[in-house]
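Shown next, in structure tokens, is the structure this report addresses.
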Amino acid sequence: MGFSYNNQILHAESVALTDLVESYGSPIYVYSRTDIENNWQEFDQAFGLHPHLVCYAVKANPNLAVLNVLAKIGAGFDIVSIGELERVLEAGGEAHKCVFSGVAKTAVEIRRALEVGVRCFNIESASELNKIESIAQSIGKQAPISIRVNPDVDAKTHPYISTGLKENKFGVDIDEALGLYQKAQDSKYLSVCGIDCHIGSQITEVSPFLDALDKVLILFEQLKKQDISISHLDLGGGVGIDYAGEQTIDIQNYINAIISKVGAMGEIEIIIEPGRAVVGNAGVFITKVEYLKQNSTHAFAIVDGAMNDLLRPSFYNAYHRVLTVDKNAIGIQSKWDIVGPVCETGDFLAKGRNLSLTEGDYLAVMSAGAYGFTMSSNYNSRTRVAEVMVSGNTHQLVRERESVQDLFAKEYLIK
């Protein structure tokens, strides 16, 4: 485990979090390199000898150091924008290991991805297929494509992160995919290489994945009858993590179940796109208690971190465990709402947590490595925080804290 107590002080690997805030200030994101590597390798090794590629979903945490750590151990990458593509390349990732997802790829993004040679475009609509074909023709290239099918499977997760239902904006109705595949097959500028399917995020049961896979395999057989060859199945990501002690998916059993179903189709390559499951529990958000305030009904711990730093609790009503960094500290025992400085009632990191607190204490908001910094903003003209990577007993700043001047460095006074 990347985060544990030693002498009552919470550590990231072998480094005390108290030392990190002393060095880099507060608030701060801290990541465990060992956890990131181990989490990705758990997926990779579960496949054994079956052909596969584990593409890290960059949107979960796009810090260059995170991407670099994963590139060094052989990861592929799932990208959804030109910005993510350029980040991967800057971090040492390889374009031919990138699958390009996303519902609104622009002409600039498509052209750049073709130039550097991405592995595959995951197509989300008939219009997108037409645009990619046109751009490929204009530069004399053949675009590798996979069609993202919407299987109409309920992932049983938060509605904002469910992506596999007909009511969601993602993918092509699985019943309409055959026609698009035939069009792509007939084009000189498109190369059919796979089927793509992604049904949502923070999924804690295997059954929705297998339900979706059953529908994908039916389409695979239909394409085979039309002499359309498929070289890979991209089954997306979405494996959930433990935020609050919930039961999660056993990775080996999950991969075994996929291979068992796909095995009858031969040695077809399987691509998966975990993001949260790689970095979620490999990161924490550290924040300082500035003030304690109690009234007749509530106790508030007002901290220097806010919803602009970690949006998930406010946006999704998401639960993160909150631990005191120093268990030796003696404070006021109460059921605290952990709230921030932003001028919104929705600005909270946690509610009703039984903690012993005093002003000046540091708190660790756990499982914050995914959809933490990447969703942060400058709301209320707050500077974005620093990020630090820990490896064993060493630590390194991997993103500087923004300065106030950074907030308006690209703005101009009117003439």
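Summary table below
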| quantity | calculated |
| --- | --- |
| Elements of type strands (runs of 3 or more DSSP E) in segment 1-82, at least 1 residues being among the charged types (D, E, K, R), within 15 Å of the chain's Cα centre (by Cα) and buried (at least 17 other Cβ atoms within 10 Å of the Cβ) | 76-79 |
| Ile270 being within 30 Å of Ile195 (Cβ to Cβ), β-branched (Val, Ile, Thr) and over 18 Å from the mean Cα position of the chain (by Cα) | yes |
| Segment 118-140 residues that are farther than 16 Å from Ser191 by Cβ, paired with ones that are of a type in the set (Asp, Glu) and at pLDDT 95 or above (beta carbon under 6 Å, 6 or more apart) | none |
| Listing of strands (runs of 3 or more DSSP E) fully contained in segment 319-415 that carry 3 or more residues being closer than 15 Å to Met307 by Cβ and within 25 Å of the chain's Cα centre (by Cα) | 348-357 |
| Some residue of segment 60-74 being in the same structural domain as Val262 (by TED's automatic domain parsing), free of Cβ contacts under 8 Å to residues at least 40 places away in the same chain and among the charged types (D, E, K, R) | yes |
| Near pairs, Cβ below 6 angstrom, 6+ apart or cross-chain, from segment 251-263 (in the same structural domain as Asp44 (by TED's automatic domain parsing)) to any residue that is of a type in the set (Gly, Ala, Ser) | Ile251/Ala46; Gln252/Ala46; Ile255/Ala46 |
| Single residue of segment 231-254 satisfying the filter (under 17 Å from the mean Cα position of the chain (by Cα) and not β-branched (Val, Ile, Thr)) that is farthest from Val206 (Cα to Cα) | Tyr243 |
| Residues (of a type in the set (A, V, I, L, M) and either surrounded by fewer than 23 Cβ atoms within 10 Å (Cβ to Cβ) or not assigned by TED's automatic domain parsing to the domain that holds Leu355 (or both)) located in segment 290-310 | Leu292, Ala299, Ile302 |
| Residue match in segment 328-346 (condition: under 30 Å from Phe47 (Cβ atoms), small (Gly, Ala, Ser) and crowded, with 18+ Cβ neighbours inside 10 Å) | no |
| Inter-residue pairs, beta-carbon under 7 Å, first hydroxyl-bearing (Ser, Thr, Tyr) and in segment 86-114, second surrounded by fewer than 23 Cβ atoms within 10 Å (Cβ to Cβ) and modelled with pLDDT of 95 or more, 6+ apart | Ser101/Val80 |
| Residue within segment 208-218 that is surrounded by fewer than 18 Cβ atoms within 10 Å (Cβ to Cβ), under 17 Å from Ile147 (Cβ atoms) and more than 21 Å from the chain's Cα centre (by Cα) present | yes |
| Selection count where residues are among the polar types (S, T, N, Q) and within 24 Å of Tyr254 (Cβ to Cβ), scope segment 54-75 | 1 |
| Subset of segment 234-267 (residues that are touching an Asp or Glu at 6+ places or on another chain (Cβ under 9 Å) and among the hydrophobic types (A, V, I, L, M, F, W, C)) | Leu235, Ile249, Ile251, Met265 |
| The one condition in (1) surrounded by fewer than 14 Cβ atoms within 10 Å (Cβ to Cβ); (2) touching a Gly at 6+ places or on another chain (Cβ under 8 Å) that Gln405 fails to fulfil | (2) |
| Yes/no for Val388 being touching a residue at least 60 places away in the same chain (Cβ under 8 Å), among the aliphatic types (A, V, I, L, M) and surrounded by 15 or more Cβ atoms within 10 Å (Cβ to Cβ) | yes |
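The values are calculated or read from the model by the stated rules, or taken from the named source; none is laboratory data. What you see is a predicted model, and the numbers here were worked out from it, not measured in a lab. Because the Cβ atoms are built from the backbone with ideal geometry, glycine has one as well, and the counts that use them run over all protein chains shown.
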